[in-house]
Amino acid sequence: MVIDLARGMAASAEGLTLNEMAAQLNVGRRTAERMRDAVLMLFPQVEEVSDPPTKRWRIRGGLSAFEQAPTATEMLELTKAAAGHRAAGEPARAAALESLERKVKAAMRSTTLNRMAPDLEALVRAETIAVQAGPRPSADETVLAEIRGAVLAERPLNFIYARPGAEARTRTMTPCGLMFGRANYLVAADRESGRIQTFRLDRMSAVEAGEGTARPPEDFDLGAFASQSFGIYQDEIEEVALRIAPEGADEARGWRWHPTQTIEDQADGSVVVRFRASGMRELAWHLFTWGEQATILGPDRLKAVMAEALAAAGRALERA
């Protein structure tokens, strides 16, 4: 834990407060003080920075290669993450992680790398990524670079957006961030109304940063925005209640339904899952995977969306 704390101090440009150390190590403040003192004894290069009303501690210049050498497990996870992106059709994101992997290995001592190589090779052969069926998200490296540049420079973003069955339109938006998932989306604010919208990256073309200043709304939080919906689509937030039959209860308890979820055990062995979210269409698609085990208790709109999806599936079968 002492080395982990030292790494945290070295990784922070402004340094860590005692409260931040406690949070990083998941310990109490007094324990964090003892750990800090141990770091001070082992690393005399630690700097104390005044940041009224508190203090910060940091290690400038980083740590030595010995103290920073990654483990075979850490390198495995980096390799798997890159492979997962590439298998899912994300070559740009895969290339970024593969480049980071090469840099990490290049910074390692040859003796450490040689010692790790057999274990890493064995683990890579023993583990793989199961790619699920679904849309192949698109994240063109040039588009990502342009969006990220506009976000950092607080400049508007110009692009042409083409929805299926609709005429392509030129848009100028305030970029707020990116959401990656089954499809990749730009999250942006309308420059006049401030309304937050999402745009699929694979439907965007001629993407470039514009002139002037474009700052996201002050109260906008990308994480909070993403957690409002069951998936990506944003509409009215509803109170969702689902009953999962006893035979699916154990799986439901271990399922991540939504950040706001609660799970209530029932006398008959079933469970009731409750959460607040928008995106009823995506939720209905997901509920198909639960079959007869899931019963929609509410809202009525989710029942209607599910009924519509079932009717559409029935019509498709009749045409076959």
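The values are calculated or read from the model by the stated rules, or taken from the named source; none is laboratory data. Just so we're clear, the structure is a prediction, and the values are computed from it rather than from any experiment. Every residue, glycine as well, gets a Cβ built from its backbone with ideal geometry; the counts of neighbours run over all protein chains shown. Remember, those area values only see protein heavy atoms, side chains included, never the ligands or the DNA or RNA. Shrake-Rupley method; radii C 1.70, N 1.55, O 1.52, S 1.80 Å.
Scanning region 192-215 for residues that are in a strand (DSSP E or B), open to solvent by 30 Å² or more (accessible area, probe 1.4 Å) and at negative phi turns up Ile196, Thr198, Arg200, Ser205, Glu208. Against the test of being more than 23 Å from Ala95 (Cβ to Cβ), within 25 Å of the chain's Cα centre (by Cα) and open to solvent by 40 Å² or more (accessible area, probe 1.4 Å), the options Ala166, Ala153 yield a single qualifying residue, Ala153. In region 265-278, how many are farther than 14 Å from Gly298 by Cβ and more than 20 Å from the chain's Cα centre (by Cα)? Adding up the residues that qualify gives 7. Taken residue by residue, region 140-153 has no member that is in a strand (DSSP E or B), of a type outside the set (Val, Ile, Thr), touching a residue at least 12 places away in the same chain (Cβ under 8 Å) and out of contact with any Asp or Glu (no Cβ under 8 Å at 6 or more places or on another chain). Being hydroxyl-bearing (Ser, Thr, Tyr), at pLDDT 90 or above and part of a helix (DSSP H, G or I) is the requirement here; does Thr73 meet it? When the stated conditions are applied, Thr73 does not pass them.
Note on region 1-59: enclosed helices (runs of 4 or more DSSP H) holding 3 or more residues that are over 25 Å from the mean Cα position of the chain (by Cα) are 2-11, 29-42.
Listed here are the residues, each with its yes/no results for (1) open to solvent by 40 Å² or more (accessible area, probe 1.4 Å); (2) at positive phi; (3) touching a Pro at 6+ places or on another chain (Cβ under 7 Å).
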site	(1), (2), (3)
Met35	no, no, no
Pro44	yes, no, no
Val49	no, no, no
Glu74	yes, no, no
Leu78	no, no, no
Glu90	no, no, yes
Met116	no, no, no
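The set of residues in region 266-284 that are at negative phi, surrounded by fewer than 15 Cβ atoms within 10 Å (Cβ to Cβ) and in contact (Cβ under 8 Å) with a residue 12 or more places away in the chain comprises Gln266, Asp268, Arg276. Checked against the criterion of being open to solvent by 20 Å² or more (accessible area, probe 1.4 Å) and at pLDDT below 90, the candidates Arg256, Arg243 yield just one match: Arg256.
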